[in-house]
Structures are given as C-alpha cells and as structure tokens.
1. At 15 angstrom or more along the helix axis (alpha-carbon based) and mean Kyte-Doolittle of 1.0 or higher, what helices does the chain contain? Whole DSSP H runs only.
2. Kindly work out what percent of the DSSP beta bridges joining two residues of the chain are antiparallel, to the nearest 5.
3. Identify all lysines with a Cα-Cα distance to LYS78 below 18 Å; exclude those on the same chain that are fewer than 8 residues away in sequence.
4. Which residues' amide hydrogens lie under 5 Å from the amide hydrogen of SER40, considering only partners 5 or more residues apart or on another chain, with H built in the peptide plane?
5. Would you mind checking which residues have amide H under 5 Å from VAL123's amide H? H placed 1.01 Å from N; only 5 or more apart, or other chain.
6. Please sort 107-116, 237-246, 35-44 by packing, taking for each peptide the average over its residues of neighbouring beta carbons within 10 angstrom, highest first.
7. Please work out whether the range 213-270 counts as rounded, prolate or oblate from its C-alpha gyration tensor, where a ≥ b ≥ c are the square roots of the eigenvalues and a/c under 1.5 means rounded, while otherwise a/b larger than b/c means prolate and anything else oblate?
8. When the dipole is taken about the Cα centre of the chain, and only Lys, Arg (+1) and Asp, Glu (-1) are charged at their Cβ, what size is it in debye, to the nearest 20?
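Values in this text are rule-based calculations from the coordinates and carry no lab data. Not measured: the values here are computed from a predicted model. For neighbour counting, all protein chains shown are included, and Cβ atoms are generated from backbone atoms with ideal geometry for every residue, glycine included.
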Amino acid sequence: MDNINWYPGHMKKTRELIEENLKMVDLVIEVVDARIPLSSRNPIIDQLVKEKQRIIVLNKSDLADGTANGAWAEKFKKEGNLVLTMNCMKGQGVNQLFKILSDLQNKKNEGQIRNKPLRMMIVGVPNVGKSSLINRMTGRKSAKTGDRPGVTKGKQWLALQNGMQLLDTPGILWPKFEDPKAGLNLAFCGSIKDEILDVADLALELIKVLQIQYPALLKERYKLEELSGDALENMEAIARKRGFILPGKRIDYERCGRTLLDEFRSGTIGNITLEKA
Ligand SMILES: Nc1nc2c(ncn2[C@@H]2O[C@H](COP(=O)(O)OP(=O)(O)O)[C@@H](O)[C@H]2O)c(=O)[nH]1
Ligand SMILES: [Mg+2]
C-alpha cells in the first residue's frame, strides 16, 4: 500500500505532474477496483484526463460480482471509454489489453510513413493494482517500488514486447477521502489504513452493507440461520458461531472484526461488488 499523506500542495503538484505527463502519451489506462468502481476513482480524474483516449481497467474482478462487472463495463463504455475486466494478480485480461492496444497502435499510424510507438501511462488511486498491471505488461517480476505521486522528473519509458512504450511509474492519484461513504468503501477494501475506524467499527459498517446487499452470502459464510436487521446482533451471532469469546463470555469484537475484514478482502465471503452500476 502506498502510504501517502495528501495535502493541498501535494495534490496540486500531483495534478501538474500528471497533466505534464499526459501531454506525452497517446492514452491513459485508468485502473479502478471492480468492487468499488466509483469510490476507487480519483474525484477529478475526468478533469485531468479530459479528451485523451482512455482505457478503464476494472481490476480485482476476481473478487467482485461477475454480473456487476458486466454492468460496470457497459456503463463505462456508454460513457465513451474502452473498458477491460482484469485480474492483474493472475494476469487475466492482459491479452485482451494488448489486442486493444494494438488496434489503437494501428489507428495511430494509419496513413503514416514512419510508425511511431504507442505511448501510454497508468493512473489510479493507491492499491488498485497499478504496479501489478505494469508488471504484467512488462513481464517483469517486480516493477519499481517506492512509488511517488504523479510521476517525477527523469521519467523513463518501459519498452513493451510489442514495441509500445509505457511510462515506468504510475500516476498515483489521491482518493476520494472527503466523501465519507467512499472512505468507508476504500477502507473495507483495504485501500486506506484501518486506523480511520477501529477494526470492530469498520467491520460493523461492512455488515450493515452486506446484510442488505449480500444477505445470502453472509448467512452462508457464517452459518447463520437468519439475519437480524441489526448489524451488531449479526456481528455477535458471527462471533458466537466462530467462538470469538473472551473470558467472562464477552464477545471478542476486535477478533471478529479482523476476521470479517480479512475474509471480505480475500473474497472468502464471496464475489462482492459494493457499488452498483
Ligand atoms: N485479488 C486480486 N488482487 C490484486 C489484483 N491486482 C492487484 N492485487 C493485489 O492488490 C494489492 C495492491 O496491488 P498494487 O499493484 O501494489 O497496487 P498499486 O498501489 O495500485 O500499485 C497487492 O496485494 C496485489 O497483489 C487482482 O486483480 N486481484
Ligand atoms: Mg504501486
């Protein structure tokens, strides 16, 4: 996870750097988390990218709801983007991505005497899978660590096997931390530090969402006969089922919360998309 503390001057600088980098590329690959396709977008991404050709990558699609992935892909397409559903951890979708890129490359060089390589950059908020995507595209084991917001001076191009050029460092954008709902979604998905809320409170908020959006998965995973309308009661029922009980028969909310969050983040509860298209 990128531990960046965003402050206004920092955001301004990032914005300027990204705008500068954008001038040099033919297209932008915007990576979002398929479980929270709205919350995981930078609040001013459209202002930044403007009319530049864009590919939206719905990443971590392996953790999201398949039906929702399709609906989000449709929605983003209707808005004029090229869209791709990917799993950058496993490399799923990389071939389709290269196919799209090669079509764009052909379009760029149509009627040209000398072929110029397609140039692109990857942008997104922290933790959506930008580095994983770079690694998949370049075929390297590990891309650069020590990410910086935007992209700093001394930028370098990574040559892809097909001759295209990718900016070596992704543009790291600030998340929607001013929108409380987006903040919670990002925290559920592990994109911002758990410290904003304690683990038990965060898990309780997650239960509130899941008991409405995915009641069957919640019941099934924790072997609950029925769900209460009250999230705290559900959390306590889960804790009892799992034996998260402290001396004096007190509920171990902390341990229960930790388990719930871990199981949600790893996809163990099921394929879940928290935001509907
Ligand atoms: N399940 C799953 N995990 C992913 C996927 N892509 C990346 N990750 C994981 O998400 C975390 C953040 O990925 P990273 O590439 O570092 O994100 P970045 O901060 O945007 O560069 C890492 O633990 C990755 O292994 C994906 O498609 N599916
Ligand atoms: Mg990274």
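1. Helices meeting the criterion: 199-213.
2. Of those bridges, close to 25 percent are antiparallel.
3. Leaving aside lysines fewer than 8 places away in the same chain, those within reach of LYS78 are LYS50, LYS52, LYS276.
4. Amide H to amide H, under 5 Å and 5 or more residues apart or across chains, SER40 pairs with ASP33.
5. ILE29, GLU30, VAL31, GLY171
6. Per-residue Cβ counts within 10 Å, averaged per peptide and sorted highest first, yield 35-44, 237-246, 107-116.
7. Judged from the Cα gyration tensor, the range 213-270 comes out oblate (a/c at least 1.5, b/c at or above a/b).
8. Value, rounded to 20: 1120 debye.
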